[in-house]
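Scroll down for the structure; my scribbles are underneath it.
The values are calculated or read from the model by the stated rules, or taken from the named source; none is laboratory data. Values in this document were obtained by computation on a predicted structure and should not be read as measured data. Note: ideal-geometry Cβ built from the backbone for every residue, glycine included; neighbour counts use all protein chains shown. Ligands, DNA and RNA are stripped out before the accessible areas are found, and what is left, the full protein with its side chains, is counted by its heavy atoms. Shrake-Rupley method; radii C 1.70, N 1.55, O 1.52, S 1.80 Å.
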Amino acid sequence: MSFDPYLREVHAPAQETIQNLQDVLTWVNNDCECEETTKNGYRGALLWVSKHARKPLHSIPADRDAVLAKFPDQEFTREWAKTYSAFRARKKNLSAAINGATGVIAEKAARASRIDGWHRLISRLRVLLRAIPEPPSALHPHRIISIQALAALARTLDIDACDLAGDVPRKLYRAAKDAGQRDACKDAMALMNAVRELDDGEVMAALPQSAIVFTRPQNPEHIEIPETLSEEIDVWVHVATRGEWSPTDEEYGPGPLPGAYRSAVRKVVRTALAIQAIRSDSETIAPVFSNATMTEVVRTWRKWHVDADPRAMKKKTAIGYLECVRTLLERNGEGRDHVDLIMKTDLWLSGHRNNMSPRTERFCRRVVRDLQARGDFLALQIKYRKAAELHLRAAKKFPSNSVNHLAKARVYGTIAAFAAIETDAAPLRIGSALPMTFRGKDPWLTLGSSKNSDGHLIVPAAMTKTKKKAISAPISAKNRTRGLETLRWYERHIRPLYPHAGENDFFFPGVQARNQPLSYATFYKWWTQTIPEFGFPGMTPHMFRHGQASILVANNPGDWGYVMARLGDALSTCMDYYGWIDEERLILEGQNQLTRGLPNV
């Protein structure tokens with residue numbers, strides 16, 4: 001087993017001369033006081049790094065963070081390990097070996113063994129909270145974990161539990177290394193305030209004299225948009241994202257999701273405020289979209305990017321913002337010509353256009369060359385469905401924990417249905433998939449009337465990226481991946497788990513909103529939390545499009561018709577994004593042609 005930072009008994013003191021991974025291996029062989037199976041795991045992890053870094057151990061510094069950064073989770077490939085879980089185990093053993101050799105684990109264990117205010121608070125809460133018959137959520141015993149995490153962080157700064165007053169809570173929050181640790185800080189402080197109601201002497205003695213006052217510190221570069229301008233932004237976005245007017249129904253139909261448009265406009269307005277192109281007491285946001293201000297906004301984004309400013313964004317993100325802004329201007333009756341001109345002529349922006357990111361290209365190469373990865377990719381909806389069914393059965397078997405299992409079933413089942421749409425109907429952009437209707441007036445999705453009947457998906461032209469052509473895709477009931485079966489299963493078993501499913505016509509209904517589709521923020525959160533379980537960490541929902549297109553290009557060299565029909569993109573766009581697949585195939589064929597006709601060597 002790997003090191004446990006909370007164990008009282010720790011391994012032998014670290015050597016003072018740990019400089020590189022060869023020193024770590026020496027420590028494992030000579031000084032690490034653990035079972036031989038654990039040592040073998042550490043040795044294997046160290047040799048694994050040497051193999052894939054193509055360097056001897058003595059030339060790799062014993063810097064845990066730097067070594068692990070060479071193998072990011074989101075870029076997992078089967079060249080590193082046969083499975084994602086095996087890859088994670090390698091990294092865990094590697095981390096433990098380096099931390100043990102350099103003394104990090106011993107230091108953590110020493111801090112955890114202190115008999116201080118944190119120790120007395122945690123020990124007493126374990127007794128008190130478990131004694132509550134039906135504890136409210138705020139006082140559930142499992143929440144003590146957050147205080148343990150806060151204690152570990154606070155001890156590194158020599159801060160005791162009773163010291164959390166004044167600016168100390170913010171100091172701890174800023175010292176947190178990642179979002180998970182920051183969340184633990186907030187949860188722990190909330191629990192420490194909540195347990196005051198227990199009025200226990202030992203607990204009160206360990207706590208600060210008064211309740212902890214904590215507000216999350218704002219980013220120094222954050223600029224708040226005045227409420228009047230924020231309200232006007234919502235009006236502009238509403239006009240831009242409502243559907244077409246129906247003269248018979250006398251109302252607007254469903255339109256694209258507003259989230260991306262709202263984010264884009266708010267980013268532009270914040271930038272204009274930051275460079276003082278408009279004043280915070282302005283009565284309207286209209287001046288932001290003037291030619292001069294939009295020019296200065298894009299120049300500022302470019303400068304932030306070059307200077308590596310904390311406010312910098314990727315070129316692709318900037319392009320996405322501007323695409324939303326020009327659509328918003330057009331639908332609000334304003335001119336978009338200047339934004340079009342900026343996107344066409346700005347060297348920073350045009351240098352990125354239609355270039356696939358290295359991470360996406362690695363993902364596409366993986367599903368093209370690795371047949372097992374390709375099969376796993378195309379079967380994601382089946383894997384997610386099985387995970388959801390597991391939680392549905394657990395909800396019946398364990399009624400006391402049914403709420404938790406049903407919530408997880410909803411997460412996995414929803415993504416299973418989305419994946420089924422992507423593979424068995426059409427690889428939609430997420431902005432077109434979430435607003436999909438399946439009943440009411442002119443539903444987009446029909447699932448057939450019998451087991452053997454086909455389904456069909458129609459996405460109106462107004463809801464596509466180009467706004468020129470509707471997407472019409474049949475869904476075969478005989479498809480090998482059984483996507484239509486998954487969609488019908490989702491409708492019967494998963495969709496009713498949404499609170500307002502009965503009155504909501506969207507196939508993916510909102511969790512809270514009665515007449516809105518599932519928000520992208522919620523869906524993406526679910527996606528990022530679960531996709532690593534299935535071997536594709538770092539994969540985004542949009543990569544369904546890239547992965548399928550890459551497979552079609554590889555299987556049909558020189559024939560772009562399949563990709564164009566599948567994605568609904570122009571030939572030039574498909575060749576810009578996926579031309580490298582054809583080029584690599586031609587290079588390989590060229591190598592074979594060089595030796596054609598020669599006898600075997």
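If you take the residues of segment 235-251 that are more than 14 Å from ARG331 (Cα to Cα) and either of a type in the set (S, T, N, Q) or not in a loop (DSSP other than H, G, I, E, B) (or both), which of them is least open to solvent (accessible area, probe 1.4 Å)?
Across segment 235-251, the extreme among qualifying residues is SER246.
Among the residues of segment 576-601, what is the count of those that are open to solvent by 70 Å² or more (accessible area, probe 1.4 Å) and touching a helix residue (DSSP H, G or I) at 6+ places or on another chain (Cβ under 8 Å)?
0
Right, LEU487: in contact (Cβ under 8 Å) with a residue 40 or more places away in the chain and either of a type in the set (D, E, K, R) or surrounded by 15 or more Cβ atoms within 10 Å (Cβ to Cβ) (or both) or not?
Yes, satisfied.
Does GLY568 satisfy the criteria of being on the phi > 0 side of the Ramachandran plot, open to solvent by 30 Å² or more (accessible area, probe 1.4 Å) and in contact with a strand residue (DSSP E or B) (Cβ under 7 Å, 6 or more places away or on another chain)?
Criteria met by GLY568.
Hey, any hits in segment 238-246 for a residue that's touching a residue at least 40 places away in the same chain (Cβ under 8 Å), in contact with a Leu (Cβ under 6 Å, 6 or more places away or on another chain) and closer than 26 Å to ARG336 by Cα?
For segment 238-246, residues touching a residue at least 40 places away in the same chain (Cβ under 8 Å), in contact with a Leu (Cβ under 6 Å, 6 or more places away or on another chain) and closer than 26 Å to ARG336 by Cα: present.
Name the single residue, out of those in segment 411-457 being modelled with pLDDT under 90, touching a Leu at 6+ places or on another chain (Cβ under 8 Å) and surrounded by fewer than 20 Cβ atoms within 10 Å (Cβ to Cβ), that is farthest from TRP245 (Cα to Cα).
Per the criteria, the residue is GLY448.
Of all residues in segment 59-77, which are among the charged types (D, E, K, R) and over 23 Å from ALA373 (Cα atoms)?
Passing the criteria: ASP63, ARG64, ASP65.
Report, by residue number, each residue of segment 120-151 that is within 26 Å of ILE105 (Cα to Cα) and open to solvent by 40 Å² or more (accessible area, probe 1.4 Å).
Once the filter is applied, which keeps residues that are within 26 Å of ILE105 (Cα to Cα) and open to solvent by 40 Å² or more (accessible area, probe 1.4 Å), segment 120-151 yields ARG120, SER123, ARG124, ARG126, HIS142, ARG143, ILE145, GLN148.
Does segment 162-180 include one or more residues that are open to solvent by 30 Å² or more (accessible area, probe 1.4 Å) and either polar (S, T, N, Q) or in contact with a strand residue (DSSP E or B) (Cβ under 7 Å, 6 or more places away or on another chain) (or both)?
For segment 162-180, residues open to solvent by 30 Å² or more (accessible area, probe 1.4 Å) and either polar (S, T, N, Q) or in contact with a strand residue (DSSP E or B) (Cβ under 7 Å, 6 or more places away or on another chain) (or both): absent.
Residues of segment 272-296 being without any contact (Cβ under 8 Å) to a residue 40 or more places away in the chain and either touching a helix residue (DSSP H, G or I) at 6+ places or on another chain (Cβ under 7 Å) or at positive phi (or both), which ones?
Those that are without any contact (Cβ under 8 Å) to a residue 40 or more places away in the chain and either touching a helix residue (DSSP H, G or I) at 6+ places or on another chain (Cβ under 7 Å) or at positive phi (or both): ALA272, ILE275, GLN276, ALA277, ILE278, PRO287, VAL288, THR293.
Are any residues in segment 116-165 among the hydrophobic types (A, V, I, L, M, F, W, C), assigned to a loop (DSSP other than H, G, I, E, B) and more than 34 Å from the chain's Cα centre (by Cα), and if so, which ones?
If the condition is that a residue be among the hydrophobic types (A, V, I, L, M, F, W, C), assigned to a loop (DSSP other than H, G, I, E, B) and more than 34 Å from the chain's Cα centre (by Cα), then ILE132, ALA165 are the ones that fit.
For VAL367, state whether it is free of Cβ contacts under 8 Å to residues at least 12 places away in the same chain and of a type in the set (A, V, I, L, M).
no
Quick check on segment 494-545: of everything there that is over 28 Å from LEU378 (Cβ atoms), open to solvent by less than 60 Å² (accessible area, probe 1.4 Å) and not aliphatic (A, V, I, L, M), which residue is nearest to the chain's Cα centre (by Cα)?
Ranking the candidates gives GLY510 first.
Could you say whether any residue in segment 209-218 is aliphatic (A, V, I, L, M), under 30 Å from ARG143 (Cα atoms), in contact with a helix residue (DSSP H, G or I) (Cβ under 6 Å, 6 or more places away or on another chain) and free of Cβ contacts under 8 Å to residues at least 40 places away in the same chain?
Looking through segment 209-218, at least one residue is aliphatic (A, V, I, L, M), under 30 Å from ARG143 (Cα atoms), in contact with a helix residue (DSSP H, G or I) (Cβ under 6 Å, 6 or more places away or on another chain) and free of Cβ contacts under 8 Å to residues at least 40 places away in the same chain.
Return yes when ILE342 is touching a residue at least 24 places away in the same chain (Cβ under 8 Å) and either under 24 Å from SER572 (Cα atoms) or surrounded by 14 or more Cβ atoms within 10 Å (Cβ to Cβ) (or both) and no when it is not.
Yes; evaluated as a whole, the condition is true for this residue.
Restricting to segment 46-94, count the residues that are crowded, with 19+ Cβ neighbours inside 10 Å and over 19 Å from PRO532 (Cβ atoms).
5
If a residue counts only when it is closer than 29 Å to TYR252 by Cβ and modelled with pLDDT of 90 or more, which helices (runs of 4 or more DSSP H) contained entirely in segment 271-354 have at least 3 such residues?
315-331, 337-345
Across segment 60-104, what is the number of residues that are in contact with a Gly (Cβ under 6 Å, 6 or more places away or on another chain) and either β-branched (Val, Ile, Thr) or at pLDDT 90 or above (or both)?
1
Only one of (1) in contact (Cβ under 8 Å) with a residue 12 or more places away in the chain; (2) on the phi > 0 side of the Ramachandran plot fails for ARG54. Which number is that?
The single condition ARG54 does not satisfy is (1).
Can you tell me which residue within segment 191-208, out of those that are among the charged types (D, E, K, R) and either surrounded by 15 or more Cβ atoms within 10 Å (Cβ to Cβ) or touching a helix residue (DSSP H, G or I) at 6+ places or on another chain (Cβ under 8 Å) (or both), is nearest to ASP167 (Cα to Cα)?
Top of the filtered list is ARG196.
Hey, ILE475 hits all of (1) crowded, with 19+ Cβ neighbours inside 10 Å; (2) at pLDDT below 90 but one; which does it fall short on?
(2)
Output the number of residues of segment 401-447 satisfying the condition of being part of a loop (DSSP other than H, G, I, E, B) and of a type outside the set (A, V, I, L, M, F, W, C).
Selection size over segment 401-447: 8.
Just to verify a result, which residue in segment 213-234, among those that are open to solvent by 60 Å² or more (accessible area, probe 1.4 Å) and β-branched (Val, Ile, Thr), is nearest to CYS162 (Cα to Cα)?
Only one residue tops the list, namely VAL213.
Among (1) surrounded by 15 or more Cβ atoms within 10 Å (Cβ to Cβ); (2) free of Cβ contacts under 8 Å to residues at least 24 places away in the same chain; (3) of a type in the set (Ser, Thr, Tyr), where does THR102 come up short?
Here THR102 clears every test but (2).
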